[in-house]
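Structure, as structure tokens:
Nothing in this text is a laboratory measurement; each read-out follows from the coordinates by a stated rule. From a predicted model like this one, the values you see are computed outputs, not experimental measurements. Counting neighbours? That spans all protein chains shown, and the Cβs are built from the backbone with ideal geometry, glycine included.
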Amino acid sequence: MEHDVFISYNTRMKNVADQIVSTLEANGVKCWYAPRDVMGDYATSICDAIETAKIFVVLLDNTGSKSPHVLNEVEMAYKRIIEDDAELTILPFKLDKEELSKAMQYYIHRMHWIDASNNNINDAINELLQKINTILKPMKSVSPKKREANTMYEHASDVELKRLKVQERILHRFDGDLYFDYSKEFDELNVLDLGCNDGTYMSESLRHIDKPYTLLGLDFNKASIEKAQNTIKDENKTFKYANVEHEDELDEAINSYLIERGLPGFNIINISFVLLHLSNPELLLKRVRKYLVKGGYILIKDVDDNFEVAYPDTNGYFEKMKELSIADSKLGGYRLTGRQIPYMLSKTGYNSIKLLKEGINTLSMDYDEKEDFFDMRFGYFEEDYTSMCESNPSDKYASSGLAWIKEHYNDLEEEFTEDHFFYNFGIVLFVAKR
Ligand SMILES: C[S@@+](CC[C@H](N)C(=O)[O-])C[C@H]1O[C@@H](n2cnc3c(N)ncnc32)[C@H](O)[C@@H]1O
């Protein structure tokens, strides 16, 4: 069987190396370590083994960090990453609190190491195993959660409401003059915003429209609707409570509005970050089509986590976050919604379907913007997983996920805000016509 992990160590640490290999292999992770796996010429065998490994674990203490053998091996692994752009992760496993040699620090100072100096050695080996699994099997064992109605938003927390404000700021840059552009072909604009939150996003987006317009926003979060009604005092903007998945509530809210205003329907329907929270988004698209006038547009913004890219993701933490995001989450919604949208639009009778834009990324963002962006993308995870643990204390996936998030959140943020780091958020924006 081919190995995934190369273990580099100084002979004094043979016992620990044995223990690591035995735990990893008992968990299905095949290792290569000398002298057990040396075949033929020692040096060639080592070079070949590093060449084909996916993970390079180096056991270190002060003395070991000066060992020419270990340094040679680390250098070889390092060169594979830097010069050959190889998909290799170096995981230092540190056994004492002493400083490492300068030469070793040169190679590994930026890497996230496993600290076995404090820990019970078994805990440290388990941490190593967990990291290795994250890297080797980032998505294998994960299937997306079942689509279901997300009721968390009916009573969103203050933290979440604050995060939505940051999201609004970032998204305005993504949308730009979208609504302005789509208003051009109409003399008058009538907009329906489904899942409008407190109304500010759409109000802000319509600010530059240079023709008469009206807006109806619907949401099932009562506090948000009250806020919209109390703060946006504009007779052209109406905000109403409705659960858009309840046909009666949806029809009643829209029909009474259209009758009152004497309107035939809307020429723009906007659905922004809402379909991912619904149990049956296709049914909503089908139901609202009749409220779109012929030639009107439906604009849908949503997410698809598999459009997400993080590079270099040195420790595989962003891959793990993606797994946590897709696999299960209360606030996060159904995270593979993006790809389903053209299919759902087509099935429910819309045409001229276009993917207008995909992705918001860190390029050209300054430090503060990256911090906001990070917060928008990952800021809800802890609340989400805490709530999952509270509602089901025996949910092992949720409790280990929560522990993992707490442990690695700052590391993630640090990597995210580094200059060279590239991150693309899987946001998609579709438009279609009736
Ligand atoms: C992530 S927020 C997006 C808010 C806003 N559209 C934006 O893009 O900033 C999702 C919104 O959809 C609302 N929502 C979710 N499910 C809903 C449902 N079944 N009926 C009405 N509103 C819903 C939530 O209350 C929340 O305000």
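Place the peptides 286-295, 89-98 in order of packing, highest mean first, counting for every residue the other Cβ atoms within 10 Å and averaging per peptide.
On the way: 286-295: 15.9, 89-98: 19.8.
Ranked from most to least packed, the peptides come out as 89-98, 286-295.
With 10 Å bins beginning at zero, the pair-distance distribution over Cα atoms of the chain amounts to 4, 19, 25, 19, 13, 10, 7, 2, 0 %. With a Förster radius of 35 Å applied to the C-beta separation of Glu249 and Tyr367, the computed FRET efficiency comes to 0.20. Mean-square fluctuations from a GNM of the chain, with a 10 angstrom spring cutoff on Cα atoms, peak among Asn270, Asn230, Asn351 at Asn230.
Treating the angle as unsigned and between 0 and 90°, give the value, to the nearest 10°, between the Cα long axis of helix 42-52 and the longest Cα principal axis of the chain. The answer is roughly 0 degrees.
Ordering 337-346, 192-201, 232-241 by mean Cβ neighbour count within 10 Å, with the highest value first, yields 192-201, 337-346, 232-241. The convex hull around the C-alpha trace of segment 1-142, projected and averaged over every direction, spans 8.5 square nanometres.
Using a Förster distance of 45 Å, how high is the FRET efficiency between Ser346 and Lys396, based on the Cβ-Cβ distance and rounded to 0.05? Don't skip to the end; give the middle numbers.
Values: r = 40 Å, r/R0 = 0.89.
Taking R0 as 45 Å, the efficiency between Ser346 and Lys396 is 0.65.
For a quick protection proxy, order the peptides 242-253, 315-326 by their average other-Cβ count within 10 Å, most packed first. Walk me through the numbers on the way to the answer.
Details: 242-253: 16.2, 315-326: 21.6.
Ranking the peptides 242-253, 315-326 by packing returns 315-326, 242-253.
For Lys102, the lysines whose Cα falls under 25 Å of its own Cα, not counting residues fewer than eight places away in the same chain, are Lys14, Lys66, Lys79, Lys94.
The overall shape of segment 279-328 is oblate: from the C-alpha gyration tensor, with semi-axes ordered a ≥ b ≥ c, the ratio a/c is 1.5 or greater and a/b is no larger than b/c. Among the aspartates and glutamates, select those whose C-alpha is under 19 Å from the C-alpha of Lys97, and discard any that sit fewer than 8 residues away in the same chain. Partners found: Asp61, Asp115, Asp123, Glu127.
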